[in-house]
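A.B. asks: Take this structure, written in structure tokens, and hold onto it; I'll ask about it next.
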Amino acid sequence: MKHRFLKLRVTLVVLLVAVCALSLSGAIEAYESEQAARVEALKLYNEMLAFKDSAIFKERGFGAGNPQANAWLGKAEKMRDVFNASDFPIMLKMVPGSMIQVGMEYLKTGGADNDLTLMFREEIEAELKQ
């Protein structure tokens with residue numbers, strides 16, 4: 001009985017690892033090249049710039065009460081994880097995390113730029129223009 005239980009646990013662990021590997025590899029394959037990743041990151045960046053000044057963002061931030069910003073944050077977090085697992089250059093890997101940081105700062109400032117957002121935006125834009 002003990003051997004059977006151990007075999008079942010090993011099987012479950014192997015299945016879990018396989019599922020995680022497949023989902024991660026599928027996500028990484030979403031960007032066929034660094035340039036494709038930059039294009040997608042730029043789209044996400046522009047999406048944030050479009051909603052940062054909206055009344056709903058100022059009122060509800062990234063919460064469920066703001067579906068656009070909430071979905072954006074989920075996409076940015078997923079992109080961050082995919083970029084970090086890639087072999088992209090370090091500065092490109094940092095872009096999604098920097099975008100999230102800018103978004104959180106906009107939450108504090110009501111969408112207004114400050115020294116921190118301007119610094120991050122300059123770095124993001126420089127990396128995405130390559």
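A.B. asks: Is there any pair with a first residue in the range 96-107 that is more than 18 Å from D81 (Cα to Cα) and a second that is assigned to a helix (DSSP H, G or I) and among the β-branched types (V, I, T) whose Cβ atoms are under 8 Å apart and which are 6 or more apart or on different chains, and what are they?
C.D. replies: Here the result reads E105/T117; Y106/T117, each pair linking the range 96-107 to a residue that is assigned to a helix (DSSP H, G or I) and among the β-branched types (V, I, T).
A.B. asks: Give L118, L73, L107 a once-over and let me know the one that is assigned to a helix (DSSP H, G or I), more than 13 Å from R38 (Cα to Cα), out of contact with any Gly (no Cβ under 9 Å at 6 or more places or on another chain) and at pLDDT 95 or above.
C.D. replies: Details: L73 fails: out of contact with any Gly (no Cβ under 9 Å at 6 or more places or on another chain); L107 fails: out of contact with any Gly (no Cβ under 9 Å at 6 or more places or on another chain).
Among L118, L73, L107, only L118 is assigned to a helix (DSSP H, G or I), more than 13 Å from R38 (Cα to Cα), out of contact with any Gly (no Cβ under 9 Å at 6 or more places or on another chain) and at pLDDT 95 or above.
A.B. asks: Is it true that some residue in the range 92-100 is at pLDDT below 95, assigned to a helix (DSSP H, G or I) and hydroxyl-bearing (S, T, Y)? Working first, answer last.
C.D. replies: Narrowing the range 92-100 to residues at pLDDT below 95: none.
Looking for residues that are at pLDDT below 95, assigned to a helix (DSSP H, G or I) and hydroxyl-bearing (S, T, Y), one finds none in the range 92-100, hence no.
A.B. asks: Another question, if that's okay. Among what's in the range 31-54 and is part of a loop (DSSP other than H, G, I, E, B) and surrounded by 13 or more Cβ atoms within 10 Å (Cβ to Cβ), pick the residue that is farthest from the chain's Cα centre (by Cα).
C.D. replies: Checked the range 31-54; the qualifying residue farthest from the chain's Cα centre (by Cα) is S54.
A.B. asks: While we're on this one: For the subset of the range 76-91 comprising residues that are of a type in the set (D, E) and in a helix (DSSP H, G or I), which member is farthest from M119 (Cα to Cα)? Spell out how you get there, then give the answer.
C.D. replies: Step one: of the range 76-91, the residues of a type in the set (D, E) are 77, 81, 87.
Now restrict to residues that are in a helix (DSSP H, G or I): 77, 81.
Values: E77: 20, D81: 23 Å.
Filtering first and then ranking leaves D81.
A.B. asks: Let me ask something else about it. Can you name every residue in the range 82-96 that is surrounded by 17 or more Cβ atoms within 10 Å (Cβ to Cβ), under 13 Å from the mean Cα position of the chain (by Cα) and of a type outside the set (V, I, T)?
C.D. replies: Listed by number, the residues that qualify are F83, L92, K93, M94, P96.
A.B. asks: Out of the residues in the range 55-78 that are in contact (Cβ under 8 Å) with a residue 40 or more places away in the chain and not basic (K, R), state the one that is surrounded by the fewest Cβ atoms within 10 Å (Cβ to Cβ). Talk me through it step by step, then tell me what you get.
C.D. replies: The first filter runs over the range 55-78 and keeps only residues in contact (Cβ under 8 Å) with a residue 40 or more places away in the chain, leaving 57-58, 61-62, 78.
Subsequent filtering for residues that are not basic (K, R) retains 57, 61-62.
Details: F57: 23, G61: 17, F62: 20.
Looking at residues that are in contact (Cβ under 8 Å) with a residue 40 or more places away in the chain and not basic (K, R), I get G61.
The values are calculated or read from the model by the stated rules, or taken from the named source; none is laboratory data. Please read all numbers here as calculations on a predicted model, not as lab measurements. Reconstructed Cβ throughout: ideal geometry from the backbone, glycine too, with neighbour counts over all protein chains shown.
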